Amino acid sequence: MKKADIILLTVLLFVTCLAFIVISHFKKSNIGRTVVIEIDGREYERVSLSDDKVIRIPTDSNDSVLVINKSSCYMESADCPDKICVRRGAIEKVGESIICVPKKIVVYIE
């Protein structure tokens, strides 16, 4: 290999690493991601995923509690018998959702 080939390969490797770092940074960014809460098919509230917020979602007997903490959201408590939505854990990526079928609550990230 000539000296010019080594320089070219080094520059290509540097550009590739830089592109990977930039892409992975924007992929993890919360900019533009929104948590949408729907009750019985109707939009209840929209909140930026970059906010810190506790939202009480009204149900017929008790409130369900959704926690948003700057990078993810999770159902802290729910007024349903099986608590599948609570056990679902945190969601943080576009397209992920938390669904509580008995209370007709859908939370998703768009």
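The values are calculated or read from the model by the stated rules, or taken from the named source; none is laboratory data. None of these values were measured; they are calculated from a predicted model. Positions of Cβ are backbone-derived with ideal geometry, glycine not excepted, and every protein chain shown enters the neighbour counts.
For residue 49, the stated conditions hold: it is surrounded by 18 or more Cβ atoms within 10 Å (Cβ to Cβ) and farther than 19 Å from residue 102 by Cα. If you go through the stretch 97-110 and keep only what is in a loop (DSSP other than H, G, I, E, B), more than 17 Å from residue 51 (Cβ to Cβ) and of a type outside the set (A, V, I, L, M, F, W, C), you end up with 102, 103, 104. Those strands (runs of 3 or more DSSP E) of the stretch 1-96 in which 1 or more residues are at pLDDT below 85 and among the polar types (S, T, N, Q) are absent.
Taking the stretch 61-95 as the range and being in contact (Cβ under 8 Å) with a residue 24 or more places away in the chain and charged (D, E, K, R) as the test, the residues that pass are 70, 79, 92. Looking at the stretch 48-99 only, could you name the residues that are touching a Phe, Trp or Tyr at 6+ places or on another chain (Cβ under 8 Å), more than 16 Å from residue 38 (Cα to Cα) and of a type in the set (Gly, Ala, Ser)? If the condition is that a residue be touching a Phe, Trp or Tyr at 6+ places or on another chain (Cβ under 8 Å), more than 16 Å from residue 38 (Cα to Cα) and of a type in the set (Gly, Ala, Ser), then 89, 90 are the ones that fit.
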